[in-house]
Amino acid sequence: MPSNRDQPERPRREPEIIPPGNDWRSRDSRWPPSYGFNEHRSTHRIYVSRIGPLGFALLLLMVALFGGIFLLALIGAALIWFPVLLVFAVMAAIAGLIRRL
């Protein structure tokens with residue numbers, strides 16, 4: 001715990017930075033331990049790049065498609081409730097006529 005509560009706590013461990021070319025295989029042949037269904041360790045890379053015009057158009061098309069589906073669902077929900085509200089309005093009108101008599 002830091003003595004001053006306003007100071008943030010320092011990390012307990014420093015990250016290990018492995019320079020390019022130094023592979024885990026060269027350091028320890030027992031690493032990684034075998035677990036799961038696959039005993040092979042592999043490197044997964046994630047590539048991040050700018051979106052191009054075609055990707056932007058496809059993204060915009062997908063947003064429009066999901067928006068259209070949502071709008072259709074909203075209109076469908078309104079159309080389902082429209083007859084129910086109409087029945088309540090007719091019942092209220094009939095009740096109002098019966099009260100006058």
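Bear in mind that the values in this text are calculations on the coordinates, not laboratory data. On a predicted model such as this, the values are computed, not experimentally measured, just so you know. So basically every Cβ, Gly included, is an ideal-geometry build from the backbone, and we count neighbours across all protein chains shown.
Results, tabulated for the structure shown:
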quantity: Single residue of region 40-99 satisfying the filter (aromatic (Phe, Trp, Tyr) and part of a helix (DSSP H, G or I)) that is nearest to PRO20 (Cα to Cα); calculated: PHE56
quantity: Residue satisfying all of: in region 70-86; surrounded by fewer than 10 Cβ atoms within 10 Å (Cβ to Cβ) and of a type in the set (Val, Ile, Thr); nearest to the chain's Cα centre (by Cα) among these; calculated: ILE80
